[in-house]
1. What does the charge count around ASP127 come to, taking other residues whose C-beta lies under 10 Å from its C-beta (Lys +1, Arg +1, Asp -1, Glu -1)?
2. Per residue of region 153-161, what does 6.51 cos²θ - 1.76 cosθ + 1.60 with θ = phi - 60° give for ³J(HN,Hα)? Whole Hz please, x for Gly and Pro, Karplus curve as stated.
3. Cα centroids of region 167-183 and region 78-137: how far apart, whole angstrom?
4. Along each of the three principal axes of the Cα atoms of region 148-196, give the extent in whole Å, ordering the values from largest to smallest.
5. Just tell me which aspartates and glutamates come within less than 18 Å, Cα to Cα, of LYS46; anything on the same chain fewer than 8 places away is out.
6. For region 30-117, go through all pairs of different Cα atoms, get the mean of 1/r, take its inverse, and jot down that Kirkwood value in Å.
7. How far apart, in nanometres, would the label points at MET196 and GLU98 be if each is projected 7 angstrom from Cα along the Cα-to-Cβ direction?
8. Quick one: if you stick a label point 7 Å off each Cα along the C-beta vector at LYS121 and LYS5, how many nm between them?
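The values are calculated or read from the model by the stated rules, or taken from the named source; none is laboratory data. Since the model is a prediction, treat every value here as computed from it, not as a measurement. With ideal geometry, Cβ positions are generated from the backbone for all residues, glycine too; neighbour counts draw on all protein chains shown. These area figures cover heavy atoms from the full protein model, side chains too; ligands, DNA and RNA do not enter into them. Shrake-Rupley method; radii C 1.70, N 1.55, O 1.52, S 1.80 Å.
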Amino acid sequence: MLTNKLSAVIFDLDDTLVSSSLDFTKIKKSLGCPLEVDLLDFVNAKPKAQRDVIEPQLIGYEISEAMDSVKLDGADDLLALLHQLKLPMAIVTRNCREAALIKIENNNLNIPIVISREEHKAKPAPDALLFLADQWQIKPENILYVGDYLYDIQAAIIANTMSCLVTHGKSLDYADLATLVVNELTDLCQTIENTM
């Protein structure tokens, strides 16, 4: 159940609203990033000259993969419900902006605000979530952040928003950190319908 009044919803993008086939192990190996190190942290820590070589390669992987992404089950019904309820919506993604916009356009996602890693520090940093709360003039605790990964839940916790973890049927050892855990977006749709 949602713990507070729901006033807005923010979504992660990959494996939350649309599919993602990015092979991070392969990408890390090709860019020389140790497997245990966060990829964006690795790129950002490089001197500018090296970053200027590595970053376009990473963006190339992202854009190539974006062309093939498909909308996940339940996304249309959930977005239709949120529009009907007139709740503000946004996407906060670790993707580069160009790849995110390709996925959003190709899958007809009617969400007006998209924040990528170019605009704000990437999750698990809470910056983008707090920026949206301020823009909307909505208390963070009345915002739901929906994602499929630990970074999403951590960002929500730090920002003091509610969180929904979409597991796609997997058993995730950080699920207990989320406010709400669902298998798919259809389950979240039902929860919101029952709550509002």
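1. Net charge around ASP127: +1.
2. Once rounded to whole Hz, the list reads 5, 5, 4, 5, 4, 5, 7, 6, 9.
3. Region 167-183 and region 78-137 have Cα centres spaced 21 Å from each other.
4. 27, 24, 13
5. Filter leaves GLU36, ASP38, GLU55, GLU118.
6. So the Kirkwood estimate lands at 14.9 Å.
7. A separation of 3.6 nm, rounded to one decimal place.
8. 3.1 nm
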